[in-house]
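Notes for the one structure printed next.
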Amino acid sequence: MVTSICKKGTQAINYFAHKKDGKINKMKAIKLIYLADRYHLRKYGRTIIGDKYWAMKLGPVGSDVLNIANISSRNLDKESLKYVHTYLAHIDGDERAQNVVAKKAVDIDVFSQTDIEAFETVFKEFGDCDQFELAEITHTYPEWAKHKKEILVDGKKSVRMQYEDFFSNPRTVQSSIFEMPDDHLKLNKDVYTENSEVENILA
């Protein structure tokens, strides 16, 4: 069975690839998806993808989206790999290629209207940045910055990030799209926390 995370992660990469003439750098796609998740979580109290985020040297990385972008049987089960292959490919089939190519139109039905709003907002704001510029931008947000010493000084390859930290504001504003009233952020943080607790009980 192909999970919702796999479908949404695949279609999110596909969406941004179509925005860039049918192909996109893998790292850039991963960063744009993180930024869309950050925007949507702060504004609506839930993420789009539902991924697990890790702080790494070049910024936040969603582990499932990374596996999808790599399009490799080493990290995807047979059904998931088949689904990803339906929509995405590497140039010349080379898994080491840094660009992902869109093979098919985006299945927009996997997303809500607010999901699409988040993608459009983030692309308008950051779509012209390359992957390294995006990495620098993501370093300014508290959810990554709190792990800066562990990554850059202590030498840890990755540290698990917590969605609760996505509601914190950076010391300096990098983009106005994430600016929201404190009471709005508190409400959505409470919504996220409550839904997470329910999911843990039902798991």
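What follows is calculated from the coordinates using simple rules that are stated; it is not laboratory data. None of the values given here were measured: they were computed from a predicted structure. As a convention, Cβ positions derive from the backbone with ideal geometry for all residues, glycine included, and neighbour counts pool all protein chains shown.
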**Asked** Taking Ile49, is it farther than 19 Å from Glu133 by Cα, in contact with a strand residue (DSSP E or B) (Cβ under 9 Å, 6 or more places away or on another chain) and free of Cβ contacts under 8 Å to residues at least 60 places away in the same chain?
**Response** yes
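So which helices (runs of 4 or more DSSP H) stay within region 99-203 end to end and still have 1 or more residues that are farther than 26 Å from Asn67 by Cα?
Of the helices (runs of 4 or more DSSP H) lying wholly inside region 99-203, those with at least 1 residues that are farther than 26 Å from Asn67 by Cα span 182-202.
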**Prompt:** Quick check: anything in region 114-125 in contact (Cβ under 8 Å) with a residue 24 or more places away in the chain and surrounded by fewer than 16 Cβ atoms within 10 Å (Cβ to Cβ)?
**Reply:** yes
**Asked** Taking region 64-88 only, how many residues are outside any loop (DSSP other than H, G, I, E, B) and either within 18 Å of Asp51 (Cα to Cα) or under 19 Å from the mean Cα position of the chain (by Cα) (or both)?
**Response** 13
